[in-house]
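> Sending over a structure as structure tokens; questions will come in a sec.
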Amino acid sequence: MMGVSQFCAVTNPPQSCILAIGATIKKLVIDPDSLKGFREVSVMNVTLSADHRTVDGAVAAKWLQYFRDFIDDPETMIL
């Protein structure tokens, strides 16, 4: 991604939505189960640009929630 961690894509007709995916960044998060008390995770920013004439914002937000769940646990896509 050439160092781009987050951006907003612009929809062009006839698109209703477009998903912008930034690069993954390594961050430290608190983990009480770890010996060190923290662990390193990869974080990715995703932005959904939606044309509200064709897609309701609440529906787009719900889609992003499912997308996040699938990215967090890809095995659920198979079931």
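The values are calculated or read from the model by the stated rules, or taken from the named source; none is laboratory data. Model, not experiment: these values are computed from the prediction. Note that we place each Cβ from the backbone using ideal geometry, even for glycine, and neighbour counts take in every protein chain shown. Areas reflect the complete protein model, heavy atoms only, side chains present, ligands, DNA and RNA absent. Shrake-Rupley method; radii C 1.70, N 1.55, O 1.52, S 1.80 Å.
> If you scan the range 63-79, which residues turn out to be open to solvent by less than 100 Å² (accessible area, probe 1.4 Å) and within 21 Å of Ala9 (Cα to Cα)? Talk me through it step by step, then tell me what you get.
To start, the set of residues in the range 63-79 that are open to solvent by less than 100 Å² (accessible area, probe 1.4 Å) comprises 64-65, 67, 69-71, 73-74, 76.
Residues satisfying the conditions are Leu64, Gln65, Phe67, Ile71.
> Here is a follow-up. Looking only at the range 1-15, count how many residues are within 14 Å of Ser49 (Cβ to Cβ), open to solvent by less than 100 Å² (accessible area, probe 1.4 Å), among the hydrophobic types (A, V, I, L, M, F, W, C) and more than 13 Å from the chain's Cα centre (by Cα).
Residues meeting the conditions: 1.
> Restricting to the range 44-72, what's the tally of residues that are in contact with a helix residue (DSSP H, G or I) (Cβ under 7 Å, 6 or more places away or on another chain) and assigned to a helix (DSSP H, G or I)?
Qualifying residue count, the range 44-72: 2.
> On to the next question. Has the range 13-28 got at least one residue that is touching a residue at least 12 places away in the same chain (Cβ under 8 Å), in a loop (DSSP other than H, G, I, E, B) and not aromatic (Phe, Trp, Tyr)?
So far as the range 13-28 goes, yes, one or more of its residues are touching a residue at least 12 places away in the same chain (Cβ under 8 Å), in a loop (DSSP other than H, G, I, E, B) and not aromatic (Phe, Trp, Tyr).
> Give the range 28-52 a look and list any residue that's in contact with a Lys or Arg (Cβ under 8 Å, 6 or more places away or on another chain), more than 15 Å from Leu64 (Cα to Cα) and surrounded by 13 or more Cβ atoms within 10 Å (Cβ to Cβ), or say none. Outline the logic, then answer.
Narrowing the range 28-52 to residues in contact with a Lys or Arg (Cβ under 8 Å, 6 or more places away or on another chain): 28-29, 31, 40-43, 46.
Among the residues that remain, those that are also more than 15 Å from Leu64 (Cα to Cα) are: 28-29, 31, 40-43.
The one that is in contact with a Lys or Arg (Cβ under 8 Å, 6 or more places away or on another chain), more than 15 Å from Leu64 (Cα to Cα) and surrounded by 13 or more Cβ atoms within 10 Å (Cβ to Cβ): Asp31.
> A follow-up question, please. Any chance you could count how many residues in the range 1-20 are aliphatic (A, V, I, L, M) and farther than 20 Å from Gly57 by Cβ? Spell out how you get there, then give the answer.
Just the residues of the range 1-20 that are aliphatic (A, V, I, L, M), to begin with: 1-2, 4, 9-10, 18-20.
Within this subset, residues satisfying the condition of being farther than 20 Å from Gly57 by Cβ are 1-2, 4.
Qualifying residue count, the range 1-20: 3.
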